Amino acid sequence: MSVQEAARETEGWLVDKEPRRVRGRRADLAGSHGEVGQEGGPGRASGAGGPGARKEGATAPAAPCVLLVDDDDQIRAVFGRCLQGAGFRVLEASSGEEASELSRRCGDGIDILVTDVEMPGMGGAELAARIDAETPGLPVIYVTGNPGSISAVSLDGGALVLMKPLDLDDLLKAVERAVEGRARVRRDSRPRG
């Protein structure tokens with residue numbers, strides 16, 4: 001999905017003349033997200049079709065799941081829709097605390113963490129460390145608009161940092177590579193029989 005398509009879908013993002021660069025936003029984003037869990041717990045879930053998605057009557061595995069964390073509702077909405085459009089399931093959280101709770105409830109069902117670095121309360125680096133303690137090896141992509149915040153994150157385990165404003169195609173490529181790497185590790189670690 002191009003930035004232009006994502007911008008049209010979110011009805012409020014402005015796109016630079018340079019293709020694929022988001023430069024600004026308005027506050028009129030409309031969203032359609034359902035609550036996660038039967039109890040209406042924290043976070044939002046979205047996504048459906050796409051590569052790996054389960055089709056009616058088929059036994060294909062569920063689409064890969066991205067835990068997307070950003071305290072900016074509009075950025076989270078654009079990133080979420082972009083990832084959904086590429087076929088990923090997306091769990092959204094607006095804080096590190098909310099994301100930590102989602103991760104604890106979903107456990108191994110999450111394939112990658114995409115998180116803002118600087119957020120009120122628990123930041124992205126602390127969130128990634130907390131999730132790694134419960135789900136070792138979960139790929140992490142940090143997103144930040146502040147180059148100075150990069151020193152706060154650990155790039156161990158192949159974590160990646162993307163700078164805002166970012167090209168949504170770059171986000172998709174990074175997520176796809178990380179998910180493919182995680183799937184390969186899972187396949188390789190299964191007992192052979």
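Number of residues in region 99-118 that are free of Cβ contacts under 8 Å to residues at least 60 places away in the same chain, within 15 Å of the chain's Cα centre (by Cα) and either crowded, with 21+ Cβ neighbours inside 10 Å or not in a helix (DSSP H, G or I) (or both): the value is 7. Of all the criteria given as (1) in a helix (DSSP H, G or I); (2) within 15 Å of L67 (Cα to Cα); (3) in contact with a Lys or Arg (Cβ under 8 Å, 6 or more places away or on another chain), the one not satisfied by D169 is (2).
In region 119-155, the residue that is nearest to V66 (Cα to Cα) out of those that are of a type in the set (G, A, S) and without any contact (Cβ under 8 Å) to a residue 12 or more places away in the chain is A133.
Listed by first and then second residue, the pairs with beta-carbon distance under 8 Å, at least 6 apart or on different chains, first residue in region 67-91 and without any contact (Cβ under 8 Å) to a residue 24 or more places away in the chain, second acidic (D, E), are R76/D70; R76/E92.
No value in this document is a laboratory result; all are computed from the given coordinates. Quick caveat: nothing in here was measured; it's all calculated off a predicted structure. Neighbour counts run over all protein chains shown; Cβ positions are idealised from the backbone, glycine included.
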